[in-house]
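The values are calculated or read from the model by the stated rules, or taken from the named source; none is laboratory data. Remember, it's a predicted structure, so these values are computed and weren't measured experimentally. Positions of Cβ are backbone-derived with ideal geometry, glycine not excepted, and every protein chain shown enters the neighbour counts. Side chains are part of the model used for accessible areas, which takes the heavy atoms of the whole protein and leaves out ligands, DNA and RNA. Shrake-Rupley method; radii C 1.70, N 1.55, O 1.52, S 1.80 Å.
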Amino acid sequence: MRIAVDHRTHYRFSEPQARIVQMLRLTPTDTQDQTVVSWSIGVDCDARLRHGADGFGNAITMLYAEGPIAALDITVIGEVLTMEAAGVIRGSHEPLPPLLFLRTTPATTADAALAAFAAEAAAGEPLDRLHRLNAAFHARFPDVADVRDRGRGAAEAFGCTAPSSREAAQMFLAAARSLGVPARYVSGYRSDGSAHGAPHGWAEAHVAGLGWVGFDPATGLSPDESYVRVAIGLDAAGAAPTAGTRSGSGAEELDVDVIAEPLGREE
Amino acid sequence: MAASGAFDEIWGHGGPEAPRPEFAALSQWIADTPPAELQRRQQAAEQAFRQLGITFAVYGDSEAAERIIPFDIVPRIFLADEWARLSEGLVQRVQAINAFLEDIYGDRRILAEGVIPPELVLMNEQFRPEVAGVRPPHGVWAHICGIDLVRTGPDEFFVLEDNARTPSGVSYMLENREAMIRLCPELFRDFRVAPVDSYPDMLRQTMQSVAPGGNANPVCVVLTPGHFNSAYYEHSFLADSMGIELVEPADLVVDDDIVWVRTIAGRVRVDVIYRRIDDDFLDPLAFRPDSMLGVPGLIAAYRAGNVAILNAPGNGIADDKAIYSYMPEIVRFYSGGEAKLPNVETYRCREPDALKYTLDNLDKLVVKLVDGSGGYGMLVGPTATRAQITEFRAALEAEPHRYIAQPTLALSTVPTVTEKGLAPRHVDFRPFVLTGSDGVRVVPGGLTRVALREGSLVVNSSQGGGTKDSFVLLDQGAGAA
């Protein structure tokens, strides 16, 4: 599937900022089933961009801008070619072993309720039980959206209704790790052709003999060819599309517009 | 009197009447100097430290927020050949620590070959995936190591702990020596003592040697969290004596993956940073998004190879308690030989034989939680009650992997000034080892800590510990001059 991505991030500052340094995880990398055809990151002010990678193998762009800066727009435009692989990740660059992804973080720690939910939902063979777990999350939280959230951790979000896709993914990570299954957060896009206020987030779990397999609790299914993987991490913060610091006082307003559109199927 | 059975480094096993012959001159000095005079000199030294501001903060003690560490005037002395053997062991250990860090953040051969259980590294908070795949300038990770040693006999040294992050205490080594030269000049006539005052030069050379791209005139800085830090004196002292800038995070900016320091004359590019700040507070973009401290972009500049950071971020995995017990295997794996400096014997209760031995000898061993600290979750067999031993037996049988066991050691003593005259007190030792692109250097000296309370084995400054000067002789000692 050919997918067009248009991801805009707008910062507005109540007072001009002297300096801005940001780390952007906004660039997908190639796998066997995902090929980046074209990709560009544009910034609307005089900024220096440096490209690199982080310890997880994510492509990183460092953004350095000198002020005064009253507003900052980051525009990502790109096209990606994907193939259906039943959620299995093939040919990805994996600098870290799966075992690392058994670690929990504050945002992905299961409390007793979440761990009990995981234990009850996940019976059976290693792959089956993860699918069951994923389906159980979808059944419990049928309305998961790509919206800006308050950044609730897994345990807190589990007690609420209507989590964001990011929160739902973190719940899946906490549950999978509580079962002893390495799991990681994925940030990226789902090409449904409509506009969202945040990128999509889902999970990948490691299954012996198969490797990393995607699970999207927002749908209860594994990601298909309509997904574009961009960055992974131990939790959502670790894979955040933008992380920034600014020198200057005042408040900040952030708006995100994401559209990923299917352009057609490659035969 | 001497702690039962402990080896006294000056008096040997014989007591004050029959000192080790190499130290006859010291015994003579002690005999010739009235106790009141020793006390007077000691007070003069402490007075000087107070004026310099070499204090430390005791957390949670608002009455005396800043104290000086008590100083003892009687030095501890190493003979030239003792030191030579010790140095070989230290060099080997620090080389292994560097090789381990290089491997663990790179190919992880040591895990692939099953030398260390992978989960002990990969699931350890101290293993920082943020710096995986980084190759620091010139391949050096642990530039400044402090290796904590204990001694039980003339040639029996054991490593108690490795410090590969930001070991402190070197300012005490230097200031103690300066005080000794001023207050006891006669000792430096009687003994040929290796100087330690070249330490700042050695450190500066080490810093310059790891500058990215082999820059011959690199800009080096010391990065401190600020004056509220308990080791601030040491930070400013080291910057001052190396003749380089002492900076705080707000003084540094990263632009275009290059680190700059703000000066009155404008921005100056920084090549080498000796940081005395924990990893968590180095760069909010890489480590702690909730932290306002640090230098945003520093890790990106480091990853791009544009700046050297001493010590490298991520080093905590090398001096972690869970890893410590594998140091003999780590040394063997990277050096191909046996460790010249042994660990304190450690039984990993995750291993069935070790567990059996531990359970059979609970009354003789110290049992510790692998991830415990501050003395919590610890059983001291020889002084434990029957109930405590029963309790630990159950805990060990339930979760053996969480425990290690060690024998109780008879730490060596050194004569120390006390209210009742000179008496033996237990000591430990932290030598400092520097690694640059030009090799490994052991500073001929170090920090001797002494437990001032009779019979106490606790040398921590927060719990009644003091310091002594540590002489390294250029020869084998001699009788009185």
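Among the residues that make up segment B:257-265, is at least one of them in a strand (DSSP E or B), open to solvent by less than 20 Å² (accessible area, probe 1.4 Å) and within 14 Å of chain A (Cβ to nearest Cβ)? Within segment B:257-265, one or more residues are in a strand (DSSP E or B), open to solvent by less than 20 Å² (accessible area, probe 1.4 Å) and within 14 Å of chain A (Cβ to nearest Cβ).
Among the candidates A:Leu99, A:Leu114, the residue that is surrounded by fewer than 17 Cβ atoms within 10 Å (Cβ to Cβ), in a helix (DSSP H, G or I) and either within 14 Å of chain B (Cβ to nearest Cβ) or at pLDDT 95 or above (or both) is uniquely A:Leu99. Taking (1) within 30 Å of B:Ile69 (Cα to Cα); (2) open to solvent by 10 Å² or more (accessible area, probe 1.4 Å); (3) part of a helix (DSSP H, G or I); (4) touching a residue at least 24 places away in the same chain (Cβ under 8 Å) in turn, B:Phe188 satisfies each apart from (4).
Would you confirm, using the coordinates I've provided, whether B:Asp103 is open to solvent by 20 Å² or more (accessible area, probe 1.4 Å) and either out of contact with any Phe, Trp or Tyr (no Cβ under 7 Å at 6 or more places or on another chain) or within 14 Å of another protein chain (Cβ to nearest Cβ) (or both)? Judged against the criteria, B:Asp103 is not a match. Identify, from the list B:Lys420, B:Lys340, B:Lys368, the residue that is loosely packed, with under 14 Cβ neighbours inside 10 Å and within 30 Å of B:Asp72 (Cβ to Cβ). Of B:Lys420, B:Lys340, B:Lys368, the one residue that is loosely packed, with under 14 Cβ neighbours inside 10 Å and within 30 Å of B:Asp72 (Cβ to Cβ) is B:Lys420. Looking at the structure I just gave you, is B:Leu160 within 21 Å of the chain's Cα centre (by Cα) and either of a type in the set (A, V, I, L, M, F, W, C) or on the phi > 0 side of the Ramachandran plot (or both)? Taking the combined requirement at face value, the residue satisfies it.
The residues of segment A:54-84 that are open to solvent by less than 20 Å² (accessible area, probe 1.4 Å), away from chain B (no Cβ under 13 Å) and either without any contact (Cβ under 8 Å) to a residue 24 or more places away in the chain or not hydroxyl-bearing (Ser, Thr, Tyr) (or both), listed by number, are A:Ile69, A:Leu72, A:Ile74, A:Val76, A:Gly78, A:Val80. With respect to the conditions (1) aliphatic (A, V, I, L, M); (2) away from chain A (no Cβ under 14 Å); (3) without any contact (Cβ under 8 Å) to a residue 60 or more places away in the chain, B:Ala250 falls short on a single one, namely (2). Scanning segment A:55-82 for residues that are in contact with a helix residue (DSSP H, G or I) (Cβ under 9 Å, 6 or more places away or on another chain) and not in a strand (DSSP E or B) yields A:Gly55, A:Phe56, A:Asn58. Being modelled with pLDDT of 95 or more, open to solvent by 10 Å² or more (accessible area, probe 1.4 Å) and not basic (Lys, Arg): is that true of A:Gly180 here? For A:Gly180, the condition - modelled with pLDDT of 95 or more, open to solvent by 10 Å² or more (accessible area, probe 1.4 Å) and not basic (Lys, Arg) - is met.
Does A:Gly151 meet the test of being part of a loop (DSSP other than H, G, I, E, B), within 14 Å of chain B (Cβ to nearest Cβ), open to solvent by less than 60 Å² (accessible area, probe 1.4 Å) and over 30 Å from A:Ala71 (Cα atoms)? Considered against the rule, which asks whether it is part of a loop (DSSP other than H, G, I, E, B), within 14 Å of chain B (Cβ to nearest Cβ), open to solvent by less than 60 Å² (accessible area, probe 1.4 Å) and over 30 Å from A:Ala71 (Cα atoms), A:Gly151 comes out as no. I'd like to know if segment B:312-323 contains one or more residues that are open to solvent by 50 Å² or more (accessible area, probe 1.4 Å), touching a Lys or Arg at 6+ places or on another chain (Cβ under 9 Å) and part of a helix (DSSP H, G or I). Yes - at least one qualifying residue is present in segment B:312-323. Taking segment B:198-254 as the range and being assigned to a strand (DSSP E or B) and under 20 Å from the mean Cα position of the chain (by Cα) as the test, the residues that pass are B:Val222, B:Leu223. Is there a residue in segment B:200-212 that is of a type in the set (Ser, Thr, Tyr), buried (at least 21 other Cβ atoms within 10 Å of the Cβ) and out of contact with any Asp or Glu (no Cβ under 9 Å at 6 or more places or on another chain)? No. Name the residue that is nearest to the other protein chains (Cβ to nearest Cβ), counting only residues in segment A:5-21 that are over 29 Å from A:Gly91 (Cα atoms) and buried (at least 19 other Cβ atoms within 10 Å of the Cβ). Once the filter is applied, the top-ranked residue is A:Val21. Restricting attention to segment A:31-41, does a residue exist that is without any contact (Cβ under 8 Å) to a residue 40 or more places away in the chain, more than 14 Å from chain B (Cβ to nearest Cβ) and either surrounded by fewer than 15 Cβ atoms within 10 Å (Cβ to Cβ) or in a strand (DSSP E or B) (or both)? The answer is yes; a qualifying residue exists.
The conditions of being more than 19 Å from B:Pro444 (Cα to Cα) and either touching a Pro at 6+ places or on another chain (Cβ under 7 Å) or buried (at least 17 other Cβ atoms within 10 Å of the Cβ) (or both) are met by B:Val134.
Residues in segment A:204-248 that are within 11 Å of another protein chain (Cβ to nearest Cβ), open to solvent by 20 Å² or more (accessible area, probe 1.4 Å) and of a type in the set (A, V, I, L, M): A:Leu234, A:Ala237, A:Ala243. Among the residues of segment B:16-41, the one identified as over 18 Å from B:Cys184 (Cβ atoms), of a type in the set (D, E, K, R) and open to solvent by 70 Å² or more (accessible area, probe 1.4 Å) is B:Glu17. Here segment B:106-144 is the region considered, the condition is being part of a loop (DSSP other than H, G, I, E, B) and among the charged types (D, E, K, R), and the residue that is farthest from the other protein chains (Cβ to nearest Cβ) is B:Glu113. Annotation: B:Glu351 fulfils all but one of (1) touching a strand residue (DSSP E or B) at 6+ places or on another chain (Cβ under 8 Å); (2) outside the structural domain of B:Glu161 (by TED's automatic domain parsing); (3) open to solvent by 10 Å² or more (accessible area, probe 1.4 Å); the unmet one is (1). Pairs linking a residue in segment B:294-308 that is more than 7 Å from chain A (Cβ to nearest Cβ) to a residue that is of a type in the set (Asp, Glu) and outside any helix (DSSP H, G or I), with Cβ atoms under 6 Å and 6 or more positions apart or on different chains, are B:Gly294/B:Asp283; B:Val295/B:Asp283; B:Leu298/B:Asp283; B:Ile299/B:Asp283; B:Ala301/B:Asp257; B:Asn306/B:Asp257. Out of all the residues in segment B:468-476, is one or more over 19 Å from B:Met180 (Cβ atoms), in contact with a Lys or Arg (Cβ under 6 Å, 6 or more places away or on another chain) and of a type in the set (Gly, Ala, Ser)? No; the residues of segment B:468-476 include none that is over 19 Å from B:Met180 (Cβ atoms), in contact with a Lys or Arg (Cβ under 6 Å, 6 or more places away or on another chain) and of a type in the set (Gly, Ala, Ser).
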